[in-house]
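Q: Here you go, one structure.
The values are calculated or read from the model by the stated rules, or taken from the named source; none is laboratory data. Because the structure is a prediction, the values reported are computed rather than measured. Cβ placement follows ideal geometry from the backbone for every residue including glycine, while neighbour counts extend to all protein chains displayed.
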Ligand SMILES: [Zn+2]
């Protein structure tokens, strides 16, 4: 793999591994800070010189991403911090503001989404200071395979989950504390910027049941 870092290869998939890198271009892997907006704790992602975010580098991450409602700790999928790192690195190594990581099953049920990827330690709700949400959403959607990307324009974050066979994208117009509120026209939301038009959000719609929205997720 030459000097290609494992962390980005893991996050971006095989396509990245094939990308040529000039011999003079030495990869550097700056530390990236995760800031949890509920607990106000910080966790620094600091890849080793080879770009690995191995177990030693991730020690403490399970605690940092614990369910902030119950304090419960759960294993976190290795690809999740790799994706967060890759995204933050792409946007100039800005801090990642975490809204929610792991969510205890009871909390997932109470929020109306018992199948939440959060309760498996495979999802994170976040934003990046200074990066518009649509920009963040679009970058996630076009850059990574096997992920789910939820866009929460009124709650002010994006959701990403890892470990899917098929990608899943959705938009949820709920405000903080509200139940999920989906558009009446889900396919239209897939058009770039459609979800950002001022006419939305429209009237509350039934939560869609089609497969595309299998990964629907309550905002936190
Ligand atoms: Zn989420």
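Q: Output the residues belonging to the range 105-114 that are more than 9 Å from the ligand (Cβ to nearest atom) and either buried (at least 21 other Cβ atoms within 10 Å of the Cβ) or touching a residue at least 60 places away in the same chain (Cβ under 8 Å) (or both). Steps first, answer last, please.
A: Going through the range 105-114, the residues more than 9 Å from the ligand (Cβ to nearest atom) turn out to be 105-112, 114.
Once the filter is applied, which keeps residues that are more than 9 Å from the ligand (Cβ to nearest atom) and either buried (at least 21 other Cβ atoms within 10 Å of the Cβ) or touching a residue at least 60 places away in the same chain (Cβ under 8 Å) (or both), the range 105-114 yields 107, 108, 111, 112.
Q: Further, regarding this structure: Scan (1) at pLDDT below 90; (2) on the phi < 0 side of the Ramachandran plot; (3) surrounded by fewer than 20 Cβ atoms within 10 Å (Cβ to Cβ) for the single condition residue 13 breaks and write down its number.
A: The failed condition is (2).
Q: Looking at the range 110-119, is at least one residue in contact with a helix residue (DSSP H, G or I) (Cβ under 8 Å, 6 or more places away or on another chain) and modelled with pLDDT of 95 or more?
A: yes
Q: Can you go through 87, 83 and tell me which one is touching a helix residue (DSSP H, G or I) at 6+ places or on another chain (Cβ under 6 Å) and not in a strand (DSSP E or B)? Explain how you work it out, then say what you get.
A: Numbers: 87 fails: touching a helix residue (DSSP H, G or I) at 6+ places or on another chain (Cβ under 6 Å).
So the residue among 87, 83 that is touching a helix residue (DSSP H, G or I) at 6+ places or on another chain (Cβ under 6 Å) and not in a strand (DSSP E or B) is 83.
Q: Take residue 150 and decide whether it is within 15 Å of the ligand (Cβ to nearest atom), touching a strand residue (DSSP E or B) at 6+ places or on another chain (Cβ under 8 Å), touching a residue at least 24 places away in the same chain (Cβ under 8 Å) and under 24 Å from residue 74 (Cβ atoms).
A: Answer is yes for this residue.
Q: Taking the stated definitions as given, is residue 137 under 24 Å from residue 176 (Cα atoms), buried (at least 18 other Cβ atoms within 10 Å of the Cβ) and touching a helix residue (DSSP H, G or I) at 6+ places or on another chain (Cβ under 7 Å)?
A: no
Q: While we're here: Would it be correct to say that residue 102 is buried (at least 23 other Cβ atoms within 10 Å of the Cβ), farther than 18 Å from residue 79 by Cα and more than 10 Å from the ligand (Cβ to nearest atom)?
A: Criteria not met by residue 102.
Q: What's the number of the condition residue 51 fails, among (1) touching a residue at least 60 places away in the same chain (Cβ under 8 Å); (2) surrounded by 15 or more Cβ atoms within 10 Å (Cβ to Cβ); (3) part of a loop (DSSP other than H, G, I, E, B)?
A: Just one mismatch for residue 51, condition (1).
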